[in-house]
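Take a look at the structure set out below.
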Amino acid sequence: MQQGQGAEPQDFERVLTSMCTEPHPQARAAAERFLATNPGDPGTYQTVAELEEKAVEMLGTIAGLSEPAGYVTSGGTESNIQAVRVARNRGDTNRPNIVAPKSAHFSFRKAAELLGVELRSAPTVDHRADLAAMKELVDEDTVGLVGVAGSTEYGVVDPIPEIAELAEDAGAICHVDAAWGGFYLPFADYDWNFDDAAIDTLTIDPHKAGRAAVPAGGLLARSEELLADLTIDTPYLESAAQISLTGTRSGAGVASAVAAMDALWPSGYSEQYDRAMENAEWLAAQLDSRGHDVFGPELPLVTADLSVPMTDELRERGWRVSKTGAGELRIVCMPHVTRSMLRSFVADLDWY
Ligand code: 0PR
């Protein structure tokens, strides 16, 4: 392997597992231009600070929020941690808990541990949040409920309006994790956004299906007031306070998020969704016709009961594939995944 200066990053030619993808060319260029800027210091780096406002506005448009609050985070993990922090700081209890479906991303476990919040995981039905199971876990110390709009392992969308209602009844925050799904969902037929339900906070990551460079995550809130609980004073900076978890942040992420959304919203993302779904449906049909038990695609993600040794052999042939916790093959049809890639993948499957 090459080291140091001349090293080349891996290409995406056989990557079927990543939730990141090749950035849009304009996003790549914008990232490079803004590499040495820090939106964590908006008093000094004003241009990137203005770009961040634009990023939040555009994310709001995508997620059905006309006056959005929020910021560009380092990724879904930070957004989810911050959302749990909002819920905890607003809750009126010494023993706060949040209730999430078992399918929620492991970043909620990090959030819970860091913030001293109990994470209550509710069983799922067909990989989707089970409302009755979630309701059973809610009590007077529940400060937040989580719904997933595009789950990491199976690409499933939870019943978000119903989860929001449960949260409202409990006097708790409703957080939706659309980190991966957020840039596909505007073109799919699910209730997932601020327009559809009484959601308080939402994770939506440009560095996943949004085709921005890493790191560009998104945290949105229905109002500035919700984020006020995250405020930390910054006495010696030109700006008075920070809500972000990290201090110095990447201007590259902010600028590339804006560039990607400028280039692709809405028609580029819509075409990208159609292509990804067609590919995922094609793959599901191919696997199904070979006798495999297939799940999906609800969003462009397919799982199948391929035996684990077979998956390991695929990895040896250079395919970057992953398994679900239950051991199924998991294929994420990101924008870099083409039909011809999938054809040669299926041909390799037939070889065994
Ligand atoms: N929420 C959801 C629904 C996610 O799928 C993920 C990450 C996160 C939150 C956390 O986001 P960050 O990783 O940006 O903090 N989902 C992928 C996963 O954990 C992330 C990923 C991306 C993994 C690229 C591998 C990879 O090559 O599987």
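The values are calculated or read from the model by the stated rules, or taken from the named source; none is laboratory data. Because the structure is predicted, anything quoted here is derived from the model rather than measured. Every residue, glycine among them, receives a Cβ derived from its backbone with ideal geometry; neighbour counts consider all protein chains shown.
Answer yes or no: is there a residue in the stretch 221-228 that is under 19 Å from A276 (Cα atoms), in contact with a strand residue (DSSP E or B) (Cβ under 9 Å, 6 or more places away or on another chain) and either outside the structural domain of A112 (by TED's automatic domain parsing) or not charged (D, E, K, R) (or both). Within the stretch 221-228, none of the residues are under 19 Å from A276 (Cα atoms), in contact with a strand residue (DSSP E or B) (Cβ under 9 Å, 6 or more places away or on another chain) and either outside the structural domain of A112 (by TED's automatic domain parsing) or not charged (D, E, K, R) (or both). Residues in the stretch 150-168 that are within 10 Å of the ligand (Cβ to nearest atom) and out of contact with any Pro (no Cβ under 7 Å at 6 or more places or on another chain): G150, S151, T152, E153. Candidates are the residues of the stretch 153-183 that are of a type in the set (D, E) and under 19 Å from the mean Cα position of the chain (by Cα); the one that is farthest from V86 (Cα to Cα) is E153.
Of the residues S239, S250, the single one that is modelled with pLDDT under 95 and either within 16 Å of the ligand (Cβ to nearest atom) or surrounded by 24 or more Cβ atoms within 10 Å (Cβ to Cβ) (or both) is S250. Which of the residues that make up the stretch 199-209 are within 11 Å of the ligand (Cβ to nearest atom) and of a type outside the set (A, V, I, L, M)? Within the stretch 199-209, T203, D205, P206, H207, K208 qualify.
For every residue, the table says whether it meets (1) part of a helix (DSSP H, G or I); (2) at pLDDT 95 or above; (3) surrounded by fewer than 21 Cβ atoms within 10 Å (Cβ to Cβ).
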position: A257; (1), (2), (3): yes, yes, no
position: D262; (1), (2), (3): yes, yes, yes
position: G268; (1), (2), (3): yes, yes, yes
position: E271; (1), (2), (3): yes, yes, yes
position: M277; (1), (2), (3): yes, yes, yes
position: E281; (1), (2), (3): yes, yes, yes
position: A285; (1), (2), (3): yes, yes, yes
position: G291; (1), (2), (3): no, no, yes
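When the residues of the stretch 98-110 are filtered to those that are in contact with a strand residue (DSSP E or B) (Cβ under 8 Å, 6 or more places away or on another chain) and farther than 19 Å from G171 by Cα, the one that is nearest to the ligand (Cβ to nearest atom) is H105.
Please specify each residue of the stretch 169-193 satisfying the condition of being closer than 17 Å to M261 by Cβ and more than 10 Å from the ligand (Cβ to nearest atom). Please lay out each step first, then the result.
Start the filter on the stretch 169-193 by keeping residues that are closer than 17 Å to M261 by Cβ, which leaves 178-187, 193.
Answer for the stretch 169-193, where residues must be closer than 17 Å to M261 by Cβ and more than 10 Å from the ligand (Cβ to nearest atom): F183, Y184, L185, P186, F187, N193.
What's the number of the condition G251 fails, among (1) within 30 Å of D41 (Cβ to Cβ); (2) more than 25 Å from the chain's Cα centre (by Cα)? Only one criterion is unmet by G251, namely (2).
The residue pairs whose first member lies in the stretch 57-86 and is modelled with pLDDT of 95 or more, whose second member is among the basic types (K, R) and surrounded by fewer than 24 Cβ atoms within 10 Å (Cβ to Cβ), and whose beta carbons are closer than 6 Å, counting only pairs six or more residues apart or on different chains, do not exist in this structure.
Within the stretch 15-35, the set of residues being within 18 Å of F183 (Cα to Cα), of a type in the set (A, V, I, L, M) and more than 13 Å from the ligand (Cβ to nearest atom) comprises just one member, A27.
If you go through the stretch 121-137 one residue at a time, do you hit one that is hydrophobic (A, V, I, L, M, F, W, C), assigned to a loop (DSSP other than H, G, I, E, B) and either at pLDDT 95 or above or assigned by TED's automatic domain parsing to the domain that holds S250 (or both)? Quick ask: steps written out before the conclusion?
As a first pass, look at the stretch 121-137 and keep what is hydrophobic (A, V, I, L, M, F, W, C): 122, 125, 129, 131-134, 137.
So of that shortlist, the ones also assigned to a loop (DSSP other than H, G, I, E, B) come out as none.
There is no residue in the stretch 121-137 that is hydrophobic (A, V, I, L, M, F, W, C), assigned to a loop (DSSP other than H, G, I, E, B) and either at pLDDT 95 or above or assigned by TED's automatic domain parsing to the domain that holds S250 (or both).
A count restricted to the stretch 38-97 and to residues that are among the aliphatic types (A, V, I, L, M), in a loop (DSSP other than H, G, I, E, B) and within 16 Å of the ligand (Cβ to nearest atom) stands at 1. Can you tell me which residues in the stretch 200-212 are in a loop (DSSP other than H, G, I, E, B), at negative phi and within 16 Å of the chain's Cα centre (by Cα)? Residues satisfying the conditions are I204, D205, P206, H207, K208, A209, G210, A212.
With respect to A132, is the statement that it is surrounded by fewer than 24 Cβ atoms within 10 Å (Cβ to Cβ), away from the ligand (no atom under 13 Å from the Cβ) and hydrophobic (A, V, I, L, M, F, W, C) true? In short, yes.
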